[in-house]
Ligand code: PEP
Ligand code: MN
């Protein structure tokens with residue numbers, strides 16, 4: 001196993017030995033890394049006010065405690081929907097306020113840190129930006145929680161070193177998120193690496209979420225992988241939910257309906273209890 005050391009006899013900030021116990025990140029009354037799981041849910045992207053509101057209302061009713069949606073979307077094709085930008089941030093922040101839920105959204109570019117910080121409670125670094133060291137350095141200087149997704153081809157060590165950039169900058173409000181890695185398997189979008197979650201929990205004090213939506217790309221696999229993630233020690237999940245997945249502007253195939261999300265919540269409850277956690 002890698003030694004998370006700066007030099008001989010000096011452990012990295014990310015390593016478990018430098019922080020007794022597990023780090024808990026607090027945001028607007030919500031604790032990430034505590035006994036209660038963090039349940040992050042919402043559409044892939046902010047599409048409009050109505051969809052955002054309906055989704056938020058329903059996922060909150062089922063037990064989600066953090067609202068997600070992207071306003072700046074890292075799309076594979078430049079011709080795909082790129083997100084609403086600041087207009088999307090405004091909608092997300094307004095609905096989060098109305099529903100009394102903290103909101104998380106992706107910051108794709110260092111240029112946008114200020115505007116995203118104005119509207120979001122938690123900033124997300126997407127998989128494609130995990131290696132963007134200048135962005136990570138700048139996020140180390142802000143006073144807002146960060147979710148750092150694992151790069152799609154990143155090793156566990158590279159992921160933890162990316163986290164170290166943010167901690168070394170002085171921002172200790174950091175949460176990791178496993179979202180699947182590239183493999184030779186074509187039937188799923190990515191391959192969910194649950195061993196990485198267990199290993200990171202062993203090596204680091206940081207809370208770890210699992211995103212079973214991007215990890216599989218397949219709606220029917222999201223709930224089984226959410227159950228598995230929680231059984232394996234994840235501190236929470238991030239799940240894409242859309243009221244009309246067939247009409248979603250991005251990631252409809254992996255989005256649960258609000259009813260599917262309510263079923264997921266029922267199914268993770270006994271699993272959470274079995275590992276000494278609670279889902280709501
Ligand atoms: C997302 O959460 O919307 C997203 C784009 O995820 P990832 O960066 O893991 O692909
Ligand atoms: Mn998505």
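Bear in mind these aren't lab numbers, they're just calculated from the coordinates by the rules spelled out. Predicted model, so just to flag it, every value in this text is computed and none were measured. When we count neighbours, we look across all protein chains shown, and the Cβ atoms used for this are built from the backbone with ideal geometry, even at glycine.
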Matching strands (runs of 3 or more DSSP E) fully within region 1-95 where at least 2 residues are touching a residue at least 24 places away in the same chain (Cβ under 8 Å) and crowded, with 22+ Cβ neighbours inside 10 Å: 38-42, 66-68
Out of (1) closer than 22 Å to residue 25 by Cα; (2) more than 16 Å from ligand 1 (Cβ to nearest atom), the odd one out for residue 185 is which? (1)
Members of region 238-280 that are within 17 Å of the chain's Cα centre (by Cα), in a strand (DSSP E or B) and either in contact (Cβ under 8 Å) with a residue 60 or more places away in the chain or away from ligand 1 (no atom under 16 Å from the Cβ) (or both): 238, 239, 240, 241
Across (1) in contact (Cβ under 8 Å) with a residue 40 or more places away in the chain; (2) under 13 Å from the mean Cα position of the chain (by Cα); (3) over 30 Å from residue 275 (Cβ atoms), residue 107 clears everything bar (1)
Given the condition loosely packed, with under 15 Cβ neighbours inside 10 Å and within 16 Å of ligand 2 (Cβ to nearest atom), answer yes or no: does some residue in region 225-241 qualify? no
Is it the case that region 154-172 has a residue that's in contact (Cβ under 8 Å) with a residue 40 or more places away in the chain, under 28 Å from residue 55 (Cβ atoms) and either crowded, with 18+ Cβ neighbours inside 10 Å or under 15 Å from the mean Cα position of the chain (by Cα) (or both)? no
Can you find even one residue in region 96-104 that is assigned to a strand (DSSP E or B), in contact with a helix residue (DSSP H, G or I) (Cβ under 6 Å, 6 or more places away or on another chain) and more than 25 Å from residue 132 (Cα to Cα)? no
Residues satisfying the stated conditions in region 204-224, i.e. surrounded by 22 or more Cβ atoms within 10 Å (Cβ to Cβ) and more than 16 Å from ligand 1 (Cβ to nearest atom): 204, 206, 207
